[in-house]
Amino acid sequence: MKTNMAKGTIMIVSGIIVTFFPSIISKLFYLIGMTVIIFCVINIIKSLVSGNPVSVISNVIGICVGSAITSLPYFMKTIIPLTVGIILAVNGIDYIGKAISNTGSRILNIILAVVALGLGCMLLFNLVKAGNITRIIAGLVMIATGAYDFFIGRNSDNGNGSGIVDVDSYTVHDDNRFLK
């Protein structure tokens, strides 16, 4: 199907940009956010000149949205690894509690506690590096998903190009030996 091939191509290109060219994404968010802010400031000036205070309020909200858009790359780099680090650290403490209270396998709980606490602390104390690793993993997943969609789209054509199987031209043989 051509839709899967197009979706796969877009995912592969997006994954390559996310994995290997992260500055493009940051600049794109800054450009979009600054465009929204500038547009809202111009509209506020127009509203003040025309005397329409309702438009001023909506444009102030637009400036807040533009500011949020410009800070989104920073959010993606720091807040997500921080949240995952806290979750892993709490899970590690939970596994320590399970190991102490003999719930399940004690050795497995100790191993899981050490791994979860180690990863949680690594994420908490190296937010930027953890954010970069997360970005690379997400980009590689996007590339793999895109390659899969592209492969499925390329190989799912049934010959007539429409994606619809022609059942009228298929002949079913009446064979009674299967009816016994």
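Along segment 44-50 the Karplus relation, 6.51 cos²θ - 1.76 cosθ + 1.60 evaluated at θ = phi - 60°, assigns HN-Hα couplings of 5, 4, 4, 5, 5, 5, 7 Hz to successive residues, with x for each Gly and Pro.
Between Phe75 and Ile38, the simple spin-label model (points 7 angstrom out along Cα→Cβ) gives 2.2 nm.
Residues Asp149, Asp94, sorted by accessible area with the largest first, give Asp94, Asp149 [1.4 Å probe; ligands and nucleic acids excluded]. Only lysine pairs 8 or more places apart or on separate chains count here, and in the chain those with Cα atoms under 27 Å apart total 5. Considering only Gly118, Gly85, Gly33, the Gaussian network model of the chain with Cα springs below 10 Å gives its largest mean-square fluctuation to Gly118.
Determine the gain in length on full extension of the stretch Leu108-Phe20; use 0.36 nm per residue of separation and subtract their C-alpha separation, reporting nm with one decimal. Display every interim value, and only then the final one.
On the way: separation 88, 0.36 × 88 = 31.68 nm, distance 3.72 nm.
So the chain would gain 28.0 nm between Leu108 and Phe20.
Rounded to the nearest whole Hz, the Karplus-based 3J(HN,Hα) values (6.51 cos²θ - 1.76 cosθ + 1.60, θ = phi - 60°) of segment 127-134 follow the sequence 4, 5, 5, 5, x, 5, 5, 4, with x at glycine and proline.
Computed from backbone phi with θ = phi - 60° and the Karplus coefficients 6.51, -1.76 and 1.60, the 3J(HN,Hα) list for segment 79-94 is 6, 5, x, 4, 5, 5, x, 5, 4, 5, 5, 5, 4, x, 5, 4 Hz; x is used for glycine and proline.
Within 12 Å, Cβ to Cβ, of Asn109, how many net charges do the neighbouring residues add up to if Lys/Arg are +1 and Asp/Glu are -1?
Working: positive: Lys98, Arg106; negative: Asp94.
So the surrounding residues net to +1.
Given the rule -39500 (n - 2.57) for each run of at least 4 DSSP H residues, summed and divided by the residues of the chain, what is its mean residue ellipticity at 222 nm, to the nearest 500 deg cm²/dmol? Could you put the intermediate results ahead of the total?
Values: 5 runs with 145 residues, N = 180.
Counting only the DSSP helices, I get -29000 deg cm²/dmol.
Of Pro81, Pro53, Pro22, the residue with the greatest mean-square motion in the GNM of the chain, using alpha carbon springs below 10 Å, is Pro53. With each label modelled as a point 7 angstrom along the Cα→C-beta vector, the Thr9-Asp94 pair spans 4.5 nm. Put a dot 7 Å past the Cα of Val49, heading toward its Cβ, do the same for Lys27, and the two dots end up 3.3 nm apart.
The values are calculated or read from the model by the stated rules, or taken from the named source; none is laboratory data. As the structure is a computational prediction, the values presented were derived from the model and not from experiment. Counting neighbours? That spans all protein chains shown, and the Cβs are built from the backbone with ideal geometry, glycine included. Heads up: the accessible areas ignore ligands, DNA and RNA and are worked out on the full protein's heavy atoms, side chains in. Shrake-Rupley method; radii C 1.70, N 1.55, O 1.52, S 1.80 Å.
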